[in-house]
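K.L.:
Below you will find the structure I want to go over with you.
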Number of protein chains: 4
Amino acid sequence: MSHSSRREFLQATAVASLVAANAIPATLEAAEDKKVNSSTNAFDYQHTAAPLPFDAKSLKGLSEKLIQSHWENNYGGAVKALNTLRGRLVQALNDANTPPYVYNGLKREQLIRTGSVVLHEFYFANLGGDGKAPADLRTRIAASFGTFDAWESEFRKIGLGLGGGSGWVVLGYNTRLKLLENYWMADHSTHAADTRPVLVMDMYEHAFQMDYGAAAAKYIDAFFANIQWDAVAKRV
Amino acid sequence: MSHSSRREFLQATAVASLVAANAIPATLEAAEDKKVNSSTNAFDYQHTAAPLPFDAKSLKGLSEKLIQSHWENNYGGAVKALNTLRGRLVQALNDANTPPYVYNGLKREQLIRTGSVVLHEFYFANLGGDGKAPADLRTRIAASFGTFDAWESEFRKIGLGLGGGSGWVVLGYNTRLKLLENYWMADHSTHAADTRPVLVMDMYEHAFQMDYGAAAAKYIDAFFANIQWDAVAKRV
Amino acid sequence: MSHSSRREFLQATAVASLVAANAIPATLEAAEDKKVNSSTNAFDYQHTAAPLPFDAKSLKGLSEKLIQSHWENNYGGAVKALNTLRGRLVQALNDANTPPYVYNGLKREQLIRTGSVVLHEFYFANLGGDGKAPADLRTRIAASFGTFDAWESEFRKIGLGLGGGSGWVVLGYNTRLKLLENYWMADHSTHAADTRPVLVMDMYEHAFQMDYGAAAAKYIDAFFANIQWDAVAKRV
Amino acid sequence: MSHSSRREFLQATAVASLVAANAIPATLEAAEDKKVNSSTNAFDYQHTAAPLPFDAKSLKGLSEKLIQSHWENNYGGAVKALNTLRGRLVQALNDANTPPYVYNGLKREQLIRTGSVVLHEFYFANLGGDGKAPADLRTRIAASFGTFDAWESEFRKIGLGLGGGSGWVVLGYNTRLKLLENYWMADHSTHAADTRPVLVMDMYEHAFQMDYGAAAAKYIDAFFANIQWDAVAKRV
């Protein structure tokens, strides 16, 4: 994708994009912090796609083609769908004839796309690193799982079980339970209640089929080799 | 449920309960803050049931029998199941013969019970009030939905669409999108990613069938009449 | 519900009801066979609610109030929703601006209501009997599960696991696998592919909360005591 | 995959395979009819993978690599998982300490794999043709959807809405409603109750990502160009 077509894409994903061409954030911090939203009203809000926080060519064992398609089609598609859905929801809510179950059909789609948008942003933002977890983070994780390896072992096992299906593995901090734990998640829409994602791995087949076919275990290796642990550390 | 049987129940829901009989919290703050957990290790953690933050007899239009059964059987059952599941998970993870999809079958059950435990605690803690939203909270909600009534109208519509099925309506703050919005949720396990629950309404049939049969709209009225808005205000 | 209000209800559930007041079927065979549909076109079809194949007052341990509400509100509500959804689907399909994911939001609701309508009809039609399985059916079931008791034990266990949530237990004949087996099902929409329901037990809370509160096991006993095995025998 | 490794795979997918190497069925009829099962007991049954009913190299626009991986890894993986799960279920049922919700976690996995096995078999069996629907089948479909094009238009729209997620589009005959209609299905486990699959299209990403990336519409074109309508005609 050329620089200009990427710019067009970013603009298209927001109904009223406020992102100027020369303002596209190019660093991790920018991608995480510089969210430009058109509104804070739940009915008007339009989401602006966050750019990839790393060069699509730079990952080890994950091809530029795969990453670009993942970001542009799957994440970008979710942003566009979420923005479109909000308009449909307002229309449906203002029509007194809308039965509640028809309205909820749209709300469910909104929940799914919201999950897809949010989890993809966490996912891309925790890629682009060298895969080496800093010592203090290893200690923090070990404190919650007995050992760092016990954590990694469960995280990978959940991932393997999702290969061939679709879902996410999330290391998250459950604010209510005051607990750091690994979660199995499916369909973009399941999520542990009241939980802050810390490390997010996409196990939808679009995350690896192009490069690895059905070999999910090889993709999981590649994912671990590219973890941006500094980003993860800021979320714990 | 007598005071002593309630005490036994609270103890039974934790594998190694640290709650002394005379330490059962009786106020909202206690229920919200004084969580006693046996461990912060994801594999060992055992959850202690939070007591009802109000007198089960005190709600308007929701019977003591319903509330007591809801708290004891549905919430209490989820706590017990969650605690049991953790033991099963450790067993399965330590057995090298466990296929990943069998492990994930347990992880999915864990996700469902985690959602049930967490959402029920938010639910009971936002009941027991007089249903009158303070002015500043009304203003805050209006800022996010155009008007307070627009918010309430969508919240109720989602609830109506869930009547006869099972699920939750959640007003939540989406930390990633920096957005306060209403969510349709089902099966304890769907949830908006990275979202803090603010107001939680249980639409499972166990929340109202005993008192209202299939008349979900009447239950929603009763729910609104009993909202503890002070608790809600602290979560925004 | 008086006879005349019941008649009105039956008529209301079909957009263009062909059921004359004096033609309401009153027996099991009538309920199973005399389906009156307004069209065989997938886009026009409107479903007519099947009457209860037994007297709502006649079941042992399941109250008239519960059965009547279940049939009228939950089953009847699903029929109405399904009929309404079909109109919405045609509208959406004819509108070139409908995004596929918005269309699928409606298709999912249609799938859920279709499951609810179909499974409720099987459920009511396998109630109203004396609970005594005829010898040849016991033999047939024993041939597929080792013993009749092994079948019943698994069927009940699945039911217990659904108490407090929502779902169905179905003994079904899987045409593809040429196998009679028990299935866990949830949300009206999960179902074993290519499978004919043989015995259907509703475990949604609306099937028992009014009479039994959270005591799902007691409801399962009552269900077994009222099975109409002759209807079941015809489906194997 | 060589002939001998394919033979090994087929054998491995059944615990006690009865398929002799020289008895591997090579035609559509063989694949549909010559199912060799080790038992008709629900607790003992072990499924034997059905061979591809066409040459993996022979499809237009769907590569041998994709088809082979789809059949071997996704379908084959589901067969193996289903067979393994049955053993786990028997073990869990015989252990009086198994909580019902733990048992149901396994039953849910069984339901998912059963759907995957059954739907994949229908899918592969309705591929390998020239994509030209015979006149009488076109007439039959037109009778149920107004026109053949109206049917195809809805079928494709549902497919497009699933691209990027995971699920199935199924033209099915609903025996209860006496209706031929299109269904949206997800996660292998949702299915219209009491419905016989007639035409089945896999929209999981493993069905197309390797060849088409995120371009689901192109895959749908390829699917239609390869439909084996004679197989479909036999199912109506």
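K.L.:
I need the full set of residues from the range A:140-162 which are of a type outside the set (A, V, I, L, M, F, W, C) and more than 21 Å from the chain's Cα centre (by Cα), in order please.
P.N.:
Residues satisfying the conditions are A:Arg140, A:Ser144, A:Gly146, A:Thr147, A:Asp149, A:Ser153.
K.L.:
Residues being more than 23 Å from B:Leu59 (Cα to Cα) and open to solvent by less than 40 Å² (accessible area, probe 1.4 Å): count how many of those fall in the range B:123-156.
P.N.:
Final tally of qualifying residues: 8.
K.L.:
Still on this structure, I have one more. Go through the range B:140-159 and give me each residue that's aliphatic (A, V, I, L, M) and without any contact (Cβ under 8 Å) to a residue 24 or more places away in the chain.
P.N.:
Matches in the range B:140-159: B:Ala142, B:Ala143, B:Ala150.
K.L.:
Among the residues of the range A:119-139, is any over 22 Å from the mean Cα position of the chain (by Cα), more than 21 Å from B:Pro100 (Cβ to Cβ) and in contact (Cβ under 8 Å) with a residue 40 or more places away in the chain?
P.N.:
yes
K.L.:
Name the residues in the range A:187-202 that are within 14 Å of chain D (Cβ to nearest Cβ) and open to solvent by 10 Å² or more (accessible area, probe 1.4 Å), would you?
P.N.:
A:Asp187, A:His188, A:Ser189, A:Thr190
K.L.:
Looking for whichever is within 25 Å of C:Asp187 (Cα to Cα) and open to solvent by less than 40 Å² (accessible area, probe 1.4 Å) here; the options are D:Leu106, D:Leu59, D:Leu66. Which one fits?
P.N.:
Exactly one of D:Leu106, D:Leu59, D:Leu66 is within 25 Å of C:Asp187 (Cα to Cα) and open to solvent by less than 40 Å² (accessible area, probe 1.4 Å), namely D:Leu106.
K.L.:
More than 21 Å from B:Gly115 (Cβ to Cβ), in contact with a helix residue (DSSP H, G or I) (Cβ under 8 Å, 6 or more places away or on another chain) and hydroxyl-bearing (Ser, Thr, Tyr): which single residue out of A:Ser153, A:Ser144, A:Ser166 fits that description?
P.N.:
Among A:Ser153, A:Ser144, A:Ser166, only A:Ser153 is more than 21 Å from B:Gly115 (Cβ to Cβ), in contact with a helix residue (DSSP H, G or I) (Cβ under 8 Å, 6 or more places away or on another chain) and hydroxyl-bearing (Ser, Thr, Tyr).
K.L.:
Follow-up. Can you go through D:Asn37, D:Asn73 and tell me which one is at pLDDT below 85, among the polar types (S, T, N, Q) and within 19 Å of the chain's Cα centre (by Cα)?
P.N.:
D:Asn37
K.L.:
Still on this model: Check whether at least one residue in the range D:203-217 is buried (at least 24 other Cβ atoms within 10 Å of the Cβ) and away from chain A (no Cβ under 12 Å), and report yes or no.
P.N.:
no
K.L.:
Ok, one more. Could you list, in sequence order, the residues of the range D:160-185 that are β-branched (Val, Ile, Thr) and touching a residue at least 40 places away in the same chain (Cβ under 8 Å)?
P.N.:
D:Val170
K.L.:
I need the helices (runs of 4 or more DSSP H) fully contained in the range C:147-236, keeping only those with at least 3 residues that are modelled with pLDDT of 95 or more.
P.N.:
C:148-162, C:216-225, C:229-235
K.L.:
Could you grab me the full set of residues in the range C:69-103 that are open to solvent by 40 Å² or more (accessible area, probe 1.4 Å) and in contact with a Pro (Cβ under 8 Å, 6 or more places away or on another chain)?
P.N.:
Once the filter is applied, which keeps residues that are open to solvent by 40 Å² or more (accessible area, probe 1.4 Å) and in contact with a Pro (Cβ under 8 Å, 6 or more places away or on another chain), the range C:69-103 yields only C:Thr84.
K.L.:
Hey, any hits in the range C:221-230 for a residue that's open to solvent by 10 Å² or more (accessible area, probe 1.4 Å) and among the acidic types (Asp, Glu)?
P.N.:
yes
The values are calculated or read from the model by the stated rules, or taken from the named source; none is laboratory data. Since this is a predicted model, take the numbers as computed values, not measurements. Methodologically, a virtual Cβ is constructed for each residue, glycine included, from the backbone with ideal geometry; neighbour enumeration extends over all protein chains shown. To get the accessible areas, we keep the full protein, side chains included, count just its heavy atoms, and leave off ligands, DNA and RNA. Shrake-Rupley method; radii C 1.70, N 1.55, O 1.52, S 1.80 Å.
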